[in-house]
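Here the structure comes first, spelled out in structure tokens, and everything after it is commentary.
The values are calculated or read from the model by the stated rules, or taken from the named source; none is laboratory data. Computed from a predicted model, the values in this text were never measured in an experiment. Keep in mind that these areas ignore ligands, DNA and RNA; they rest on the heavy atoms of the full protein, side chains included. Shrake-Rupley method; radii C 1.70, N 1.55, O 1.52, S 1.80 Å.
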Amino acid sequence: MSKLKVYVYAICKNESKFVEEYIKSMSEADGIYVLDTGSTDDTVEKLKKLNVNVKQEIIKPFRFDVARNKSLEMVPKDADICVCTDFDEVFDKGWREKLEKTWLKENPTRVEYLYNWSFDEYGRPATTFYMSKIHKRNAYTWYHPVHEVLKCLEKTEKSVIVEGMILNHHQDIKKTRSSYLPLLEMSVEEDSEDDRNMHYLGREYMYYEKWNEAIDTLERHLNLKSSTWKDERAASMRFIARSYMGLKRTMDAKMWLEKAIEEAPYLREGYVELANLYYLEENYEKTYFYLKEASKIKEKSKTYINEDFCWNAYFYDMFSVVAFYLGKKEEALENVKKAIELDKNNKRLKKNLEIMKQ
């Protein structure tokens, strides 16, 4: 019999297509509590049939922190562990056992676990990072209109990693994220000293190809006193570089990628993005140099987002081509074989292998 009371809580709106799989995954908990924020499909009816604790409330103007705090209020006060998830996320089976074992041993206030944000065409994890939305009851509140974070209410916070606990994200690409930009602008207006959402706002401007706004905002992020996390600072520098490429200012882009490498030399991303710029210019010597440096980093980061292109077939494909052009035959063969292992159906890669063998 379990020594701990574990409850899942969530917010949702028009998630009918995900209900069955989501509830099946979360059923290892002692209860599931859902705040529906205005579904017009049969989400609520499905949840009720599955005996989920659900209630509806329209939040105007909508804010993710308000919605999450209201869903957290639904969780029984005697809960030991609160697990916050979204409907397009599912845990690998056996998650509760791993969670309880770590919790009983470490007595944390919150835990971190591997989050597979996206998958490649073969179903393998692509973009990955560590998530931390599982926490002690009555010790946290949600903060920020969007990209909301848990704010600890206790004097001391203890976060530990639950090894082997994995949450998988299967995003509904048809859903719009158009509300994110105005909510991020609101978040930064409310707290202009918050480095995290300043970073996210700059990134969002980049996604919308608002290059100058992205550059200005990301530089503001880098100039904040609270901006001390090197991984995120390096990401801002890389996004500035991408924005300069959008403006066709390659020299500025290279400069910022060099800054990103200097800021976080233990991450592959800066090396690979800079290598790619030189590759586009057919400067294979410099491409090779930066790919070689990237290849020395053998393990993905546990602290920040791991970009898929730094670890998948793209990386080894580019490496094999530049090695081939530079006459480094063994490295060319080695890397094209690694690329094929990761992309078995790619005919071009197989053709490259035959050419390199000859």
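The table for this structure:
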read-out: Proximal aspartates and glutamates relative to K55, as straight alpha-carbon distance under 15 Å, when same-chain residues fewer than 8 apart are discounted; value: E15, D36, D41, D42, E45, E73
read-out: Gyration tensor (alpha-carbon) shape descriptor, segment 96-212, a/c threshold 1.5; value: oblate
read-out: Accessible area of segment 219-358 divided out per residue, in Å², using a probe of 1.4 angstrom; value: 53
read-out: Whole-percent carbon and sulfur share, accessible surface of segment 81-136, 1.4 Å; value: 48
read-out: DSSP bridge orientation in the chain - percent antiparallel, rounded to nearest 5; value: 45
read-out: Heavy-atom accessible area per residue - segment 50-115, 1.4 Å, Å²; value: 49
read-out: Mean accessible surface per residue for segment 136-185, computed with a 1.4 Å probe while every protein chain stays in place, in Å²; value: 56
read-out: Mean-position separation - Cα centroids, segment 221-257 and segment 133-163, in angstrom; value: 28
read-out: Over 30 Å (Cα to Cα) - which of K133/K337; K98/K337; K49/K105; K175/K337; K5/K151 fall in this group; value: K133/K337; K98/K337; K49/K105; K175/K337
read-out: Reach of K296 by Cα under 13 Å, taken over aspartates and glutamates that are not fewer than 8 positions away in the same chain; value: E269
read-out: Given K3/K155; K136/K259; K254/K338; K13/K93, the pairs whose alpha carbons are separated by over 32 Å; value: K136/K259
read-out: Potential lengthening between Y314 and R177 on full extension [0.36 nm per residue; Cα-Cα distance subtracted]; value: 46.6 nm
read-out: Two-decimal ratio, segment 153-215, of alpha-carbon radius of gyration to 2.2 N^0.38 Å; value: 1.52
read-out: C-alpha center-to-center spacing [segment 43-113, segment 281-358] in angstrom; value: 41
read-out: Eligible aspartates and glutamates near K101 by straight Cα distance, threshold 12 Å, same-chain separation 8 or greater; value: E163
read-out: Helix 230-246 vs. the chain, principal-axis angle (Cα, 0 to 90°, nearest 10); value: 60
